[in-house]
Amino acid sequence: MIINKQTLTLKIMNKLTKTNTPKNCTEMYLEYVNDWLTLESMAEYHNLEIKDLERIIEIGKKEHNTKSNTPPKIMKTFKDLKFNPHPNDLEDAHAIIEFDNGYGASILCASFSYGGKNGLYELAVLKDGDLCYTTHITNDVLGWLNEDDVNEILLQIQNL
């Protein structure tokens, strides 16, 4: 019987799926990039030969890069915000933005908001239009933000 590289990789991946580990090469590649310092320690953890793990990571990297070459979705930024007067004070500015993933943000620059008196912004994460305090981004509102800070957080929310 002839065993090609793809068959060998499938056998290795089948072994991994029986041990509650990631089930595809891309996930293994991303696990390696994000969580491990050495191939040796990751191979030991997953009970794999280093050469087998190298092959999985090589395939995963190619798969990941192929997916990464698809046109990026257009991310919304501070420039896309439409500020309106806040109902409590017409001098204050408020914007709500929603994203395709069901999340959004409420951005406020008001005399009563964190940083508002200094022309800075306060941001709250929204989920399906309601305040959301359960993301890794924050468990509260974020205050004292400049435009660049707001942009960074908007990108994080869109990637949830």
(message) Run the numbers for residue 131 and residue 151: contour at 0.36 nm per residue of separation, minus the present Cα-Cα distance, in nm.
(response) 5.3 nm
(message) Could you tell me how far the Cα centroid of the range 72-126 sits from the Cα centroid of the range 144-160, in Å?
(response) 11
(request) Find how much the distance from residue 96 to residue 51 grows on full extension, using 0.36 nm per residue of separation minus their present alpha carbon separation; answer in nm with one decimal. (result) 11.1 nm
(message) Using Cβ contacts closer than 10 Å as the measure, can you line up 144, 36 from fewest to most?
(response) 144, 36
(message) At R0 = 45 Å, how high is the FRET efficiency between residue 141 and residue 62 if r is their beta carbon distance? Nearest 0.05 is fine.
(response) 0.60
(message) Using DSSP to call loops (not H, G, I, E or B), can you name the trypsin sites (Lys or Arg not before Pro) in the range 47-126 whose Cβ has at most 11 other Cβ atoms within 10 angstrom?
(response) 73, 82
(message) Exceeding 29 Å between C-alpha atoms, which entries from my cross-link table qualify? They are 61/82; 62/127; 79/117; 82/117; 82/127.
(response) 61/82; 62/127
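Bear in mind these aren't lab numbers, they're just calculated from the coordinates by the rules spelled out. This structure is a prediction, so every number in the text was calculated from the model and none was measured. With ideal geometry, Cβ positions are generated from the backbone for all residues, glycine too; neighbour counts draw on all protein chains shown.
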